[in-house]
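Below is one structure, written out as structure tokens; comments come after it.
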Amino acid sequence: MSDVSWPAVPGYSSERLHQPWRLFVALAELVVAGVAVWGAFLSWDSAFTEIVVRLDDGTELVSRHVAGNWVGAAIGLGGLAGLLVVDAVRQASLGARTRRRRRRASRENGRGDSD
């Protein structure tokens with residue numbers, strides 16, 4: 001394979017991506033995602049109520065009411081938690097330092113893989 005690399009962008013350094021403080025941002029996002037999931041469960045439970053009506057002849061009529069605003073809040077909080085987890089993974093991968101690959105000795109000496 002040929003050694004093709006992206007052209008250098010002026011004023012941009014890949015070392016700026018590695019920032020150790022990104023690990024703290026990832027941790028904070030995971031905490032907020034946990035609170036969002038907790039809120040989603042609370043609002044989902046609040047969405048459903050039972051209404052019981054007793055008639056004069058002793059018959060009980062049971063109705064279930066679904067509050068759409070609480071269902072929407074639960075779905076929104078669940079989606080927010082998902083996005084926060086994805087971004088926390090991104091922040092953690094950018095915050096962790098990775099080792100650079102070492103070039104093979106054959107490439108440094110001018111000998112490529114093609115003959």
List, please: which pairs have Cβ atoms under 7 Å, are six or more places apart or on different chains, and start with a residue in the stretch 43-65 that is within 25 Å of residue 76 (Cβ to Cβ) and end with one that is assigned to a strand (DSSP E or B) and basic (Lys, Arg)? 48/64; 50/64
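Could you please give the count of residues in the stretch 30-82 that are among the hydrophobic types (A, V, I, L, M, F, W, C) and closer than 30 Å to residue 93 by Cβ? Working first, answer last.
Residues of the stretch 30-82 that are among the hydrophobic types (A, V, I, L, M, F, W, C), as a first pass: 30-33, 35-38, 40-42, 44, 47-48, 51-53, 55, 61-62, 66-67, 70-71, 73-75, 77, 80-81.
Then keep just the ones that are closer than 30 Å to residue 93 by Cβ; that gives 30-33, 35-38, 40-41, 74-75, 77, 80-81.
Here the count works out to 15.
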State which residue is nearest to residue 33 (Cα to Cα) when the search covers only the stretch 48-77 and only residues that are in a helix (DSSP H, G or I) and of a type in the set (Val, Ile, Thr). 75
Are any of the residues in the stretch 15-38 at pLDDT 95 or above, surrounded by 14 or more Cβ atoms within 10 Å (Cβ to Cβ) and among the aromatic types (Phe, Trp, Tyr)? no
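The values are calculated or read from the model by the stated rules, or taken from the named source; none is laboratory data. Given the structure is predicted, the values throughout are model-derived calculations rather than measurements. Here the Cβ is made from the backbone with ideal geometry for all residues, glycine too, and neighbour counts use every protein chain on show.
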